[in-house]
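Accompanying notes for the structure given below.
The values are calculated or read from the model by the stated rules, or taken from the named source; none is laboratory data. In this text the structure is predicted, and so the values were computed from the model without any measurement. For accessibility, only protein heavy atoms count, side chains too; no ligands or nucleic acids. Shrake-Rupley method; radii C 1.70, N 1.55, O 1.52, S 1.80 Å.
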Amino acid sequence: SSSPQQQFTKHPNVNVIATLSRHIHTRATPLGYISTLTKFGMSFINDTCWCMLTEPVVPTDANATIITNSGKYAHYAPGLVNRRVRFA
């Protein structure tokens, strides 16, 4: 079990990127969510759908696997970015 003060970091070979609206990003910032996730190693792309993104945002490694919580992206991404995609 972890305490709220415990710090976690992502593996250096893993990219964690969130796409969200500018409105949600602006609301999450004063609550500390953005700074906490940034310290973890997450980056943010505002006002852009994943379906519009290509390399270098999409991993340049052709063997990369993208994990998403979007059923739509899990369906369309393999054809759009030629990467393995897992829905989680």
Worksheet entry | Relative contact order, percent, the chain [alpha-carbon distance under 8 Å, six or more residues apart] | 25 percent
Item to complete: Roll a 1.4 angstrom probe over the protein heavy atoms and tell me the percent of accessible area of the chain that is carbon or sulfur.
Response: 56 percent
Practice prompt. Specify the angular offset, from 0 to 90 degrees and rounded to the nearest 10, of the alpha carbon long axis of helix 71-81 from the longest principal axis of the alpha carbons in the chain.
Written response: 60 degrees
Practice prompt. May I ask you to give the solvent-accessible area per residue for the chain, in square angstrom, as obtained with a 1.4 angstrom probe?
Written response: 75 Å²
Worksheet item: Add -39500 (n - 2.57) for each DSSP H run of 4 or more in the chain, then divide by its residues: what number comes out at 222 nm, to the nearest 500 deg cm²/dmol?
Response: -8000 deg cm²/dmol
